[in-house]
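Undergrad: Pasting a structure here, questions to come.
The values are calculated or read from the model by the stated rules, or taken from the named source; none is laboratory data. Source: prediction; values computed, not measured. Cβ sites come from the backbone with ideal geometry, for glycine too, and all protein chains shown count toward neighbours.
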Amino acid sequence: MKISKVETFLVRWGDLARPAESVLGSTAATAVVAVHADGMVGLGEASPMQGGVASLQVIAREMAPSLIGADGLDHAVTLDRLLHRLIKLGPDGIVTGALAALDIALWDLKGKAFGQPIHKLLGGAWRTRIPFYASIGGNAARDVDGVLRTVEARLKAEQPSAIKIRWDGTRGEIDRDIAGDIAKARAVRKLVGDGFPLAFDANNRYSVGAAIRVGRVLEELGFAWFEEPVESYHVKAMGEVAQRLDITVSAGEQSYTLQSVAALIESGVRMVQPDIVKMGGVTGLMQCAALCHAHGVEFVPHQTQPAIGNAANLHVLSTVMHATRPAELADGWARAADTFVDAPKPDGGCLVVPQGPGLGLAIDQAMLARRRLDVTG
Ligand code: CA
């Protein structure tokens with residue numbers, strides 16, 4: 001399976017009247033790589049951080065020349081070579097996002113070549129319907145009523161199996177409104193009732209002491225997990241919070257290598273959340289799943305992307321024997337319908353794992369042509 005062409009481009013979401021410049025570096029687009037071989041095309045996407053443009057540039061300039069002419073079936077060897085050749089560009093971020101995109105594209109291609117969905121090539125699915133949770137962002141900026149209205153709307157529209165309230169807020173600012181955060185958590189618990197699974201995502205906005213105070217309240221309120229209570233780069237602090245609380249503390253969406261996921265586990269974190277568009281794509285996530293299985297740690301991937309990332313994540317999740325939590329479905333998933341004909345969407349509290357070859361995604365080619373934005377020249 002000889003790779004003949006590697007394309008990189010953004011796919012715009014939403015209003016096409018919006019000026020192209022305003023889409024660059026925003027979350028209004030997805031950073032896509034398309035790998036061609038033997039008349040087939042495999043699609044992948046890079047981490048959306050700053051629009052993913054930097055990862056696309058690294059693919060176009062530094063990676064594509066090594067891929068042309070390579071056998072697509074040798075893809076793990078090819079990508080490992082590229083990681084080590086470019087490692088001084090930074091293994092955390094742009095390069096790993098680029099490699100994740102290529103890995104997903106090459107699995108899509110491989111699935112198309114064999115006429116099988118990715119999960120079959122990975123060893124088969126334990127389940128083809130995966131419960132999802134609605135991941136609801138932006139709650140630091142809302143008052144209690146605003147949080148409740150937002151949660152109610154998502155409950156009604158999506159009928160999720162669980163809900164995660166994310167704080168987001170200003171990066172670098174910590175312990176801003178602990179009492180207010182607790183009030184919002186209490187109000188949401190009251191709204192959904194005692195039995196409904198809830199999670200709380202601090203998005204790294206607490207000190208260790210504040211995290212433990214908030215965590216104790218979340219335990220009392222029966223929250224299922226407490227996500228990223230402290231700064232992601234303070235790995236020991238994350239482990240300290242995890243070990244001092246009874247509630248499950250999770251982290252790992254900002255881990256880009258297997259080694260950094262291992263460091264989190266060593267620190268005491270017992271639920272890790274690597275992201276398929278950052279952490280090695282399908283191959284990297286399967287390695288994380290094995291690492292978690294070896295350590296008895298919960299493997300619950302982070303996932304924010306509407307179409308390619310979501311589908312790739314579902315293929316991996318379907319193969320995991322011990323799936324302990326629902327899959328993440330973040331705000332904005334409906335964008336997928338702008339370009340993809342049958343991207344997974346909520347269906348009775350679940351997402352259905354695609355069964356077509358590769359990722360199993362079908363593209364509206366006419367719409368793709370209108371929404372494509374070339375950024376790498
Ligand atoms: Ca998070």
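Undergrad: Ala140 - would you say it is farther than 19 Å from Glu253 by Cβ, crowded, with 17+ Cβ neighbours inside 10 Å and in contact (Cβ under 8 Å) with a residue 60 or more places away in the chain?
TA: Considered against the rule, which asks whether it is farther than 19 Å from Glu253 by Cβ, crowded, with 17+ Cβ neighbours inside 10 Å and in contact (Cβ under 8 Å) with a residue 60 or more places away in the chain, Ala140 comes out as no.
Undergrad: For the range 40-98, give me every one of the helices (runs of 4 or more DSSP H) that falls completely inside it and has 3 or more residues that are out of contact with any helix residue (DSSP H, G or I) (no Cβ under 8 Å at 6 or more places or on another chain).
TA: So the answer is 75-85.
Undergrad: Same structure, new question: Working only within the range 240-259, note down all residues that are more than 22 Å from Arg216 (Cα to Cα) and within 16 Å of the ligand (Cβ to nearest atom).
TA: Of everything in the range 240-259, those that are more than 22 Å from Arg216 (Cα to Cα) and within 16 Å of the ligand (Cβ to nearest atom) turn out to be Glu253, Gln254, Ser255, Tyr256.
Undergrad: Does Val151 satisfy the criteria of being touching a helix residue (DSSP H, G or I) at 6+ places or on another chain (Cβ under 7 Å), buried (at least 21 other Cβ atoms within 10 Å of the Cβ) and not assigned by TED's automatic domain parsing to the domain that holds His36?
TA: Yes: the conditions hold for Val151.
Table: residues versus (1) more than 17 Å from Gly281 (Cβ to Cβ); (2) among the β-branched types (Val, Ile, Thr).
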| site | (1), (2) |
| --- | --- |
| Pro301 | no, no |
| Gly309 | no, no |
| His322 | yes, no |
| Leu329 | yes, no |
| Ala336 | yes, no |
| Thr339 | yes, yes |
| Ala343 | yes, no |
| Gly349 | yes, no |
| Gly356 | yes, no |
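Undergrad: Something else: Out of Ala312, Ala343, which single residue is small (Gly, Ala, Ser), surrounded by 24 or more Cβ atoms within 10 Å (Cβ to Cβ), touching a helix residue (DSSP H, G or I) at 6+ places or on another chain (Cβ under 7 Å) and within 25 Å of Ala153 (Cβ to Cβ)?
TA: Result: Ala343 is the single residue among Ala312, Ala343 that is small (Gly, Ala, Ser), surrounded by 24 or more Cβ atoms within 10 Å (Cβ to Cβ), touching a helix residue (DSSP H, G or I) at 6+ places or on another chain (Cβ under 7 Å) and within 25 Å of Ala153 (Cβ to Cβ).
Undergrad: Turning to a different aspect of this structure: Consider Val58 carefully, then state whether it is touching a strand residue (DSSP E or B) at 6+ places or on another chain (Cβ under 7 Å) and among the β-branched types (Val, Ile, Thr).
TA: No.
Undergrad: Can you name every residue in the range 303-346 that is assigned to a loop (DSSP other than H, G, I, E, B), under 15 Å from the mean Cα position of the chain (by Cα) and more than 15 Å from the ligand (Cβ to nearest atom)?
TA: Selection gives Pro306, Ala307, Pro344.
Undergrad: Moving to a separate point now. Filter the range 152-178 down to residues that are farther than 14 Å from Arg142 by Cα, at pLDDT 95 or above and within 15 Å of the ligand (Cβ to nearest atom), then give me how many there are.
TA: Number satisfying all stated conditions: 3.
Undergrad: To continue, here is another question. For the range 16-38, name all the residues that are over 19 Å from Ile59 (Cβ atoms) and free of Cβ contacts under 8 Å to residues at least 60 places away in the same chain.
TA: Across the range 16-38, the qualifying residues are Ala17, Arg18, Pro19, Glu21, Ser22, Ser26, Ala28.
Undergrad: Just a yes or no: is a residue in the range 234-249 in contact with a helix residue (DSSP H, G or I) (Cβ under 8 Å, 6 or more places away or on another chain), under 19 Å from Met49 (Cα atoms), crowded, with 19+ Cβ neighbours inside 10 Å and free of Cβ contacts under 8 Å to residues at least 40 places away in the same chain?
TA: no
Undergrad: What are the residues in the range 131-151 that are under 17 Å from Leu198 (Cα atoms) and either assigned to a strand (DSSP E or B) or away from the ligand (no atom under 15 Å from the Cβ) (or both), if any?
TA: Pro131, Phe132, Tyr133, Ala134, Ser135, Ile136, Val144, Val147, Leu148, Arg149, Thr150, Val151
Undergrad: Mind counting the residues in the range 197-213 that are touching a strand residue (DSSP E or B) at 6+ places or on another chain (Cβ under 7 Å), away from the ligand (no atom under 14 Å from the Cβ) and hydrophobic (A, V, I, L, M, F, W, C)?
TA: 1
Undergrad: Output the number of the condition that Gly284 fails; it satisfies all remaining conditions of (1) crowded, with 16+ Cβ neighbours inside 10 Å; (2) touching a strand residue (DSSP E or B) at 6+ places or on another chain (Cβ under 6 Å).
TA: Going through (1) crowded, with 16+ Cβ neighbours inside 10 Å; (2) touching a strand residue (DSSP E or B) at 6+ places or on another chain (Cβ under 6 Å) one by one, Gly284 breaks only (2).
Undergrad: Another question, then. I want to confirm something. Restricting to the range 267-298 and keeping residues that are of a type in the set (S, T, N, Q) and closer than 18 Å to Ser318 by Cβ, which single residue is farthest from the ligand (Cβ to nearest atom)?
TA: My answer is Thr283.
Undergrad: Can you tell me which residues in the range 1-24 are over 30 Å from Lys110 (Cα atoms) and in a loop (DSSP other than H, G, I, E, B)?
TA: Hits for the range 1-24 are Gly14, Asp15, Leu16, Ala17, Arg18, Pro19, Leu24.
Undergrad: Is it fair to say Asp181 is within 22 Å of Asp143 (Cα to Cα), within 16 Å of the ligand (Cβ to nearest atom) and either part of a helix (DSSP H, G or I) or at pLDDT 95 or above (or both)?
TA: For Asp181, the condition - within 22 Å of Asp143 (Cα to Cα), within 16 Å of the ligand (Cβ to nearest atom) and either part of a helix (DSSP H, G or I) or at pLDDT 95 or above (or both) - is met.
Undergrad: Are any residues in the range 85-140 under 18 Å from the mean Cα position of the chain (by Cα) and among the polar types (S, T, N, Q), and if so, which ones?
TA: Thr96, Ser135
Undergrad: If I go through the range 287-322 residue by residue, how many of them are of a type in the set (A, V, I, L, M, F, W, C) and closer than 15 Å to His119 by Cα?
TA: Of the residues in the range 287-322, 9 are of a type in the set (A, V, I, L, M, F, W, C) and closer than 15 Å to His119 by Cα.
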